[in-house]
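A.B. asks: Attaching a single structure in structure tokens format; questions to follow.
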Amino acid sequence: MKGEQELGNTIHREIKNTPTKAFISVKEAKLSDGGQYILLLKNPGGEKTVQLNVVVLDKPGEPQGPLVVTGITKDRCCLAWKPPLQDGGSKICHYIVERRETSRLIWTVVEQKVENICLKVTKLLEGNEYIFRVRAVNQFGVGAPLESPAVIIKDPYMLPGSPKNLEVSNIKKDSMVLTWEAPSEDGGSPVTGYIIEKHDKEGVRWTRCNRQTVTDLSFKVKGLLESHNYEFRVAAENSVGVGEPSSPTVFYKALDPIFRPGPPHNPRVTDTTRTSVFLSWGKPISDGGCEIQGYIVECCSTTAEAPAAEGAATDTVVEEWIMCTPATGVKKTKFEVANLKENQAYKFRVCAINKVGVGEHADVAGIVVAKDRADEPDLDIDPELRKIVTIKAGASLRLFIPIKGRPTPTIKWDKDEAPLKESAQVEITSSYTLLVIDKMSRNDSGKYTVSAENSSGTKSAFVVVRVLDTPSAPVNLKVKEITNQSVTLEWEPPLLDGGSKIKNYIVEKRESTRYVHVIDSTKTSITVSWGKPLSDGGSVIQGYIVEVCKAEEEEWTMVTPPTGLRVNKYEITKLTEGQEYKIQVCALNKLGVGEPAVLSGTAKPEERVEPPEIHLDSELRKGIVLKAGGSVRINIPFKGRPTPEIKWTKDDGNLTEKPVVEKAHNFTQLSIDSCDRSDSGKYTLTLTNSSGTVSEVVSVKILDAPGAPQNLVVKEIRKDSVTLAWDAPLIDGGAKIKNYVIDKRESTRKAYANVSTKCTKTTFKVENLIEGAMYYFRVMAENEYGIGPAVETKTASKASEVPLPVGKAFLTDVTKSSVSLAWEKPQQDGGSRIAGYLIEMQPKGTDKWGVATNTKTCEGTVTGLTAGTEYLFRIIAYNEKGKSEPKALAAPVIATDMTMEPSIKIPFNTYSVLAGKDLKLDFPVLGKPKPKVTWAKDGQPLKVTSRMNIKSTKTTTGIEITEACKEDFGKYTITAANTTGTTAEDVSVIILDKPGPPKGPIKIVEVSNTFVHLSWDPPEYTGGCQVKNYIVEKRDTTSTTWQTVTTQLARTAFKVSKLKTGSEYQFRIIAENRYGKGAPLDSKAIVVQYPFKPPGPPGTPHVKSATKEMMIIEWNEPVNDGGSPVIGYHLESKERSSILWSKLNKTLITDTQFKIMGFTVSGLTQDESYEFRVYAKNAVGSVSNPSLIAGPVTCVDACGEHIIQNYMDIY
């Protein structure tokens, strides 16, 4: 058994059993004979099976099917199969994969060794049908193949559809945003991206916008040109390719959107009075895309009076809004609304204006009552003053504190909760208070408190001042252990260390003396000071008494109160100017008046003069640096007698109106609010009085964008470039200039276009200019704070240069006193119109060129020459930019009468003109003596008609053709002749018109039963340009209507098909060029039928043999087959006495003889006489005329000769 099948004997297999053995023999073993064999042994005692495995070593079987084809695309697919069930007793080494096209029988190896049971097949042809097969290979050979069904290679997917709902938004001058929806059909493959294209209305091509694949449904198109119109379209892309684009959008103009501005920001009331309200606001967040031109303030009063109590105003119905500002608005962001009614409640609102119109208003919050405002005092302490103020001794202290409050608060200063010393100077205004202490000393250290008080409240602040000075005197100095040679001193540290640790003490001694000093004087007073007495007499000094007397007298007068003075300084007044006085001072204690200290010498009351002195703070000497928008306060104390004149200057020039200068008798202050780059510079304070002049400089640096560059000039102007040069800005904005921004604009445009933003030098070459165009240029400097204002060229510069030299120069005439020259225009005019030409000459033997004449045309005559003298000539072209290089005549010229062979200057050999238009031709004719000129056309003298006219002058000849037509087409010959010779030139004139009819006749190349093949020759007259195409038309001769067969035929032959067999047609051909359709060329009438004729009649049939039962008829082929091979014959017979012919053959007779059976086939009757005739038929289907009639013939055995009647039936 093999498997479950019991085996038997076959041709190849023999089974033999004996009592002791079982045999199976397989001859010529095949692969199918391998497998498991089972031997079943059975007897009454039981049964037993034996299994045998037989391996047939052979080629492997075919792989297990099916051969699966998957992953089909336009050029590849994947194959998969299973290993064969029978491996041929050997391991499968590999597989061989082959393919063939279904239209071919040859198999092509795809892969020779495939070790896997799958393969990716590539490089297939799209649209072709393939069959694949796989064969397994082992060590014994290649097995049987497994074939796949036929597979057509094509992409399983399709191109995606078009995106939908393409919209354009967020339009700006250089960008737009596109959004769209995904296509409704993705072609079976997911959309991998989108391709966006744009089309400039001024261009003709669509250009791609995205370099990388866009996967989103939106895209921002950048790099657009301002004011250009664009349309857009989007196409989807999948694995197959790019689908059809969406419908293009309408054209959108690349401009920043302009609309009304938004509401001003945070309008608020900054102050009120009984008759006015002060408002301020910020710029709108949105300016509407253009500059804010101004602001309009409106107010509306309520119908009821506002209560006097603050906060009691309530909203009332608005009656009418009144414009408070001019109709054009105000430029600033603040405004005072005046002429209001006291205690009246008002509402206010502010609107911004741009060139589009008035924007949305912003309301001032709440209701505003016109009344004087009561504000609590406020002290605006500078943050620097909140720290400990450290100052050196001898310097001046300036504490400047702005104050606020309404009504104006009362200001009070104190030091360490005690009144200020008398030398302290306090200045109080409505907006600030200033404390000035000159010559600070250690005693001036402490806490200075300023208090502001009004009816609304009180506010105070303090400033801690530390004076860097020598320490104060030690305290409690005691003398101990006094001897005749020494004393021992003892003391305590000073109460004030001068702001620094005590390093050491200095001990001094002096003999007991006292001094009185004069410290100041005027015309009527003397100020003296003194020191404390060395001994207070054991009692506290209660005061000092000052006495005076005239120098020439001895009578002392007390000028102080009897109780004395508590201070060590006193001004003695009411003195006589110029009088000398003696002065003494006495100390007073409870025991009485002490010994006086007398002023050394005398003192005279006289006006003292002190030169001005400026006390400039060390920080101001370093300079002031701040960002744009900040405020500057330069406060400088000074002294001088008389009070000096104060003058502020900036950079050695007068101040502008922006800085505010305050002047006092001992200080001055310069204030600048909202600083910008123009406020940078050196500010000089100059003090002048009768004793002298002094100046100090304070540098102010504003960190801002730089100022405008200086001295912009245009140099080296060329036809396509210019070079700009400028100086650096005077103000660099406090930072190094990084680069310059260069812009250009054509004089016909309003917008500037950027040229460069990376220029680091103060020169730049602007290239790629349009020749002859007028340009303005501007340059802006840039630093780390931004781009500064621009400096522009005041006048437009034309992109031009001096012209090129003139072209070929030649001599046209020479006489004894004149020379005539002509030349060709320069190839380039340098971008500026040629203004004229200079002819310069140089007599032989000299080195100097002189201008001989000036002309505006390309010819000129130099007169006044000396006969027989040799001259050199040259021509110079010039335009507004200057002169070109000179072009010299090739050879010197001698002033003498000359002869010249005639010549005709023909610029072009061919001239074209539209039909119906006028043509005028003029050509220079040279020669001496004057040549005679004649014209000819196509070899015949030119006839002058009403349309054709010949015009000649001394130097030119020409023709004028009015309303040119194709008869004017041809070759014109101009002949010029004089005594020295003859010359001729040919000129072709082409009339641009519709073409003439094609050259006939129309040739009939071939005619069949359904088509006609036509050919023709091109028109003799093509209309001056190439024939674009031919139009073929047809008509049935039974109709007058022409039908178009084709309109875009480029050849001169055409096969007209789908014609009706047997109909008669006429055809016509029309040539067409760019100017229209020409006249038609008609064909003769043509009948649509086969071109073959019926064959000729066959030869006369004769009876080859005859019996009573049968007859054999034989004949010859026709002499003429009608142009188509004879495919068979028809044989007819009739009884001699009958007129009716009967067909003998049922099918076409292909031979030239036919056997007739008497009683079985055709019903011939024995002993009856018959006549015969034959027809021939060719491949076209036409039947010939019958042959001559054979017979009569009688159906009898052993017939003798038959008599054949020689006549033909005529059909």
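A.B. asks: Looking only at residues that are among the aliphatic types (A, V, I, L, M) and either in contact with a Leu (Cβ under 9 Å, 6 or more places away or on another chain) or in a loop (DSSP other than H, G, I, E, B) (or both) in region 763-778, which one is surrounded by the fewest Cβ atoms within 10 Å (Cβ to Cβ)? Working first, answer last.
C.D. replies: Start the filter on region 763-778 by keeping residues that are among the aliphatic types (A, V, I, L, M), which leaves 766, 769-770, 773-774.
Narrowing the set further to residues that are either in contact with a Leu (Cβ under 9 Å, 6 or more places away or on another chain) or in a loop (DSSP other than H, G, I, E, B) (or both) leaves 766, 769-770, 773.
On the way: 766: 21, 769: 22, 770: 12, 773: 18.
Here the residue is 770.
A.B. asks: Follow-up question, since we're still on this one. So which strands (runs of 3 or more DSSP E) are wholly in region 907-1017 and hold at least 1 residues that are in the same structural domain as residue 1063 (by TED's automatic domain parsing)? Break it down stepwise before answering.
C.D. replies: Working: elements: 910-914, 919-928, 932-937, 948-952, 956-961, 970-978, 981-992, 998-1007.
Those strands (runs of 3 or more DSSP E) span 998-1007.
A.B. asks: May I pose another question? Which condition number does residue 215 fail, the rest of (1) over 19 Å from the mean Cα position of the chain (by Cα); (2) in contact (Cβ under 8 Å) with a residue 24 or more places away in the chain being met?
C.D. replies: Failing condition for residue 215: (2).
A.B. asks: Do you know which of the residues in region 168-196 that are farther than 14 Å from residue 235 by Cα and in contact with a strand residue (DSSP E or B) (Cβ under 8 Å, 6 or more places away or on another chain) is surrounded by the most Cβ atoms within 10 Å (Cβ to Cβ)?
C.D. replies: Going through the qualifying residues, I end up with 176.
A.B. asks: Name the residue that is surrounded by the fewest Cβ atoms within 10 Å (Cβ to Cβ), counting only residues in region 584-602 that are closer than 30 Å to residue 690 by Cα and either of a type in the set (Ser, Thr, Tyr) or modelled with pLDDT of 90 or more (or both).
C.D. replies: Ranking the candidates gives 600 first.
A.B. asks: Related question: Whether any residue in region 646-656 is surrounded by fewer than 19 Cβ atoms within 10 Å (Cβ to Cβ), within 49 Å of the chain's Cα centre (by Cα) and among the acidic types (Asp, Glu) is what I want to check.
C.D. replies: yes
A.B. asks: Same structure again: Only one of 354, 339 is surrounded by 15 or more Cβ atoms within 10 Å (Cβ to Cβ) and of a type in the set (S, T, N, Q). Can you tell me which? Break it down into steps so the answer makes sense when it comes.
C.D. replies: Working: 339 fails: surrounded by 15 or more Cβ atoms within 10 Å (Cβ to Cβ).
None of the other options fit; the residue is 354.
A.B. asks: I'm trying to understand the selection: among the residues of region 1065-1083, which are modelled with pLDDT of 90 or more and either among the acidic types (Asp, Glu) or part of a loop (DSSP other than H, G, I, E, B) (or both)?
C.D. replies: Correct list: 1072, 1082, 1083.
A.B. asks: Next question. Quick test for you: out of 860, 868, 882, pick the one residue that is loosely packed, with under 15 Cβ neighbours inside 10 Å and more than 24 Å from residue 719 (Cα to Cα). Spell out the reasoning first.
C.D. replies: Working: 860 fails: loosely packed, with under 15 Cβ neighbours inside 10 Å; 882 fails: more than 24 Å from residue 719 (Cα to Cα).
So the residue among 860, 868, 882 that is loosely packed, with under 15 Cβ neighbours inside 10 Å and more than 24 Å from residue 719 (Cα to Cα) is 868.
A.B. asks: Okay, next question. Taking the criterion of being out of contact with any helix residue (DSSP H, G or I) (no Cβ under 9 Å at 6 or more places or on another chain), of a type outside the set (A, V, I, L, M, F, W, C) and in a loop (DSSP other than H, G, I, E, B), would at least one residue in region 590-599 satisfy it? Break it down into steps so the answer makes sense when it comes.
C.D. replies: Going through region 590-599, the residues out of contact with any helix residue (DSSP H, G or I) (no Cβ under 9 Å at 6 or more places or on another chain) turn out to be 590-599.
Within this subset, residues satisfying the condition of being of a type outside the set (A, V, I, L, M, F, W, C) are 590, 592, 594-596.
This time we only want the ones that are in a loop (DSSP other than H, G, I, E, B), so: 590.
Yes - at least one qualifying residue is present in region 590-599.
A.B. asks: Right, here's the next one. Return the pair list, or none, for Cβ contacts closer than 7 Å from residues in region 782-794 that are farther than 16 Å from residue 760 by Cβ and assigned by TED's automatic domain parsing to the domain that holds residue 736 to residues that are part of a loop (DSSP other than H, G, I, E, B) and at pLDDT below 90, at least 6 apart or on different chains.
C.D. replies: Pairs found: 785/704; 785/705; 785/733; 785/735; 786/705; 789/707.
A.B. asks: Could I ask something else about it? Select, from 72, 92, 106, the only residue that is of a type in the set (Val, Ile, Thr), farther than 21 Å from residue 140 by Cα, part of a loop (DSSP other than H, G, I, E, B) and touching a residue at least 40 places away in the same chain (Cβ under 8 Å). Don't jump to the end; show me each part of the working.
C.D. replies: Numbers: 92 fails: farther than 21 Å from residue 140 by Cα; 106 fails: touching a residue at least 40 places away in the same chain (Cβ under 8 Å).
Selected residue: 72, the only one of 72, 92, 106 that is of a type in the set (Val, Ile, Thr), farther than 21 Å from residue 140 by Cα, part of a loop (DSSP other than H, G, I, E, B) and touching a residue at least 40 places away in the same chain (Cβ under 8 Å).
A.B. asks: Right, another one. Tell me yes or no: at least one residue of region 116-125 is without any contact (Cβ under 8 Å) to a residue 24 or more places away in the chain and closer than 30 Å to residue 189 by Cβ. Break it down stepwise before answering.
C.D. replies: In the first step, residues of region 116-125 are kept if they are without any contact (Cβ under 8 Å) to a residue 24 or more places away in the chain; the result is 116.
So of that shortlist, the ones also closer than 30 Å to residue 189 by Cβ come out as 116.
Yes, that holds for at least one residue.
A.B. asks: Hey, any hits in region 682-703 for a residue that's in contact with a strand residue (DSSP E or B) (Cβ under 7 Å, 6 or more places away or on another chain), in a strand (DSSP E or B) and at positive phi? Lay out the reasoning, then the answer.
C.D. replies: Kept after step one, since they are in contact with a strand residue (DSSP E or B) (Cβ under 7 Å, 6 or more places away or on another chain), are these residues of region 682-703: 682-689, 691-703.
Still in the list and also in a strand (DSSP E or B): 682-689, 692-703.
When the remaining residues are screened for being at positive phi, the result is 692.
Among the residues of region 682-703, at least one is in contact with a strand residue (DSSP E or B) (Cβ under 7 Å, 6 or more places away or on another chain), in a strand (DSSP E or B) and at positive phi, which makes the answer yes.
A.B. asks: Go through (1) within 60 Å of the chain's Cα centre (by Cα); (2) without any contact (Cβ under 8 Å) to a residue 24 or more places away in the chain for residue 1105 and report which single condition fails.
C.D. replies: If we test residue 1105 against (1) within 60 Å of the chain's Cα centre (by Cα); (2) without any contact (Cβ under 8 Å) to a residue 24 or more places away in the chain, just (1) comes out false.
A.B. asks: Within region 665-706, work out how many residues are touching a residue at least 60 places away in the same chain (Cβ under 8 Å) and under 56 Å from the mean Cα position of the chain (by Cα).
C.D. replies: Total meeting the criteria: 13.
A.B. asks: Tell me which strands (runs of 3 or more DSSP E) are completely within region 473-571 and hold 2 or more residues being under 15 Å from residue 597 (Cα atoms), in contact with a His (Cβ under 8 Å, 6 or more places away or on another chain) and not small (Gly, Ala, Ser), or say none if there are none. So that I can check it myself, show each step before the final result.
C.D. replies: Details: elements: 475-480, 488-492, 516-521, 526-530, 543-550.
Because the criterion is at least 2 residues that are under 15 Å from residue 597 (Cα atoms), in contact with a His (Cβ under 8 Å, 6 or more places away or on another chain) and not small (Gly, Ala, Ser), the strands (runs of 3 or more DSSP E) in region 473-571 that meet it are 526-530.
A.B. asks: Among the residues that make up region 1186-1196, is at least one of them at pLDDT 75 or above and under 30 Å from residue 1008 (Cβ atoms)?
C.D. replies: Within region 1186-1196 (the criterion being at pLDDT 75 or above and under 30 Å from residue 1008 (Cβ atoms)), the answer is yes, since at least one residue qualifies.
A.B. asks: Any residue in region 1113-1122 that is among the charged types (D, E, K, R) and either at pLDDT 85 or above or within 30 Å of residue 1026 (Cα to Cα) (or both)?
C.D. replies: yes
A.B. asks: Continuing with the same structure: If you scan region 238-270, which residues turn out to be within 30 Å of residue 157 (Cα to Cα) and either outside any loop (DSSP other than H, G, I, E, B) or among the acidic types (Asp, Glu) (or both)? Let's see the steps before the verdict.
C.D. replies: Taking region 238-270 and keeping what is within 30 Å of residue 157 (Cα to Cα), we get 238-249.
Across region 238-270, the qualifying residues are 242, 244.
A.B. asks: A follow-up question, please. For residue 56, only one of the following conditions fails: (1) surrounded by 10 or more Cβ atoms within 10 Å (Cβ to Cβ); (2) at pLDDT 80 or above. What is its number?
C.D. replies: Condition not satisfied by residue 56: (2).
A.B. asks: Which of the residues spanning region 272-286 are farther than 14 Å from residue 331 by Cα and charged (D, E, K, R)? Reasoning before the result, please.
C.D. replies: Residues of region 272-286 farther than 14 Å from residue 331 by Cα: 272-278, 285-286.
Residue satisfying the conditions is 274 alone.
A.B. asks: Quick check on residue 449: is it in contact with a Phe, Trp or Tyr (Cβ under 7 Å, 6 or more places away or on another chain), surrounded by 15 or more Cβ atoms within 10 Å (Cβ to Cβ) and at negative phi? Write out each step before concluding.
C.D. replies: On the way: in contact with a Phe, Trp or Tyr (Cβ under 7 Å, 6 or more places away or on another chain): yes; surrounded by 15 or more Cβ atoms within 10 Å (Cβ to Cβ): yes; at negative phi: yes.
Here the answer is yes, as residue 449 does meet what is asked.
A.B. asks: State whether one or more residues within region 732-746 are in a strand (DSSP E or B), in contact (Cβ under 8 Å) with a residue 40 or more places away in the chain and among the hydrophobic types (A, V, I, L, M, F, W, C). So that I can check it myself, show each step before the final result.
C.D. replies: Of the residues in region 732-746, the ones in a strand (DSSP E or B) are 739-746.
Within this subset, residues satisfying the condition of being in contact (Cβ under 8 Å) with a residue 40 or more places away in the chain are 739-741, 743.
Still in the list and also among the hydrophobic types (A, V, I, L, M, F, W, C): 741.
Yes, because at least one residue in region 732-746 is in a strand (DSSP E or B), in contact (Cβ under 8 Å) with a residue 40 or more places away in the chain and among the hydrophobic types (A, V, I, L, M, F, W, C).
A.B. asks: Something else: Mind checking whether some residue in region 624-641 is farther than 30 Å from residue 881 by Cα, touching a helix residue (DSSP H, G or I) at 6+ places or on another chain (Cβ under 6 Å) and crowded, with 16+ Cβ neighbours inside 10 Å?
C.D. replies: Taking region 624-641 and keeping what is farther than 30 Å from residue 881 by Cα, we get 624-641.
Narrowing the set further to residues that are touching a helix residue (DSSP H, G or I) at 6+ places or on another chain (Cβ under 6 Å) leaves none.
The answer is no; no qualifying residue exists.
A.B. asks: A follow-up question, please. For a quick check of your reading of the model, give me the residue pairs whose first member lies in region 281-296 and is in a strand (DSSP E or B) and hydroxyl-bearing (Ser, Thr, Tyr), whose second is surrounded by 15 or more Cβ atoms within 10 Å (Cβ to Cβ) and modelled with pLDDT of 85 or more, with beta-carbon atoms closer than 6 Å and at least 6 apart or on different chains.
C.D. replies: 295/329; 295/330; 295/350; 295/352
A.B. asks: Whether any residue in region 682-705 is acidic (Asp, Glu), within 22 Å of residue 625 (Cβ to Cβ) and touching a helix residue (DSSP H, G or I) at 6+ places or on another chain (Cβ under 7 Å) is what I want to check.
C.D. replies: Pass one, region 682-705, residues acidic (Asp, Glu): 696, 704.
Now drop any that are not within 22 Å of residue 625 (Cβ to Cβ), which leaves 696, 704.
Cutting the leftovers down to touching a helix residue (DSSP H, G or I) at 6+ places or on another chain (Cβ under 7 Å) gives us 704.
Yes, there is a match, as at least one residue in region 682-705 is acidic (Asp, Glu), within 22 Å of residue 625 (Cβ to Cβ) and touching a helix residue (DSSP H, G or I) at 6+ places or on another chain (Cβ under 7 Å).
A.B. asks: A further question on this structure: What residue, of 61, 65, is part of a strand (DSSP E or B), of a type in the set (Gly, Ala, Ser) and within 30 Å of residue 97 (Cβ to Cβ)? Outline the logic, then answer.
C.D. replies: Details: 61 fails: part of a strand (DSSP E or B).
Selected residue: 65, the only one of 61, 65 that is part of a strand (DSSP E or B), of a type in the set (Gly, Ala, Ser) and within 30 Å of residue 97 (Cβ to Cβ).
A.B. asks: Output the residue which, of all residues in region 1142-1171 that are at pLDDT below 85 and of a type in the set (Phe, Trp, Tyr), is farthest from residue 1097 (Cα to Cα).
C.D. replies: 1159
The values are calculated or read from the model by the stated rules, or taken from the named source; none is laboratory data. No experiment lies behind these values; they were computed from the predicted model shown. Cβ: placed from backbone, ideal geometry, glycine included. Neighbour counts: every protein chain shown.
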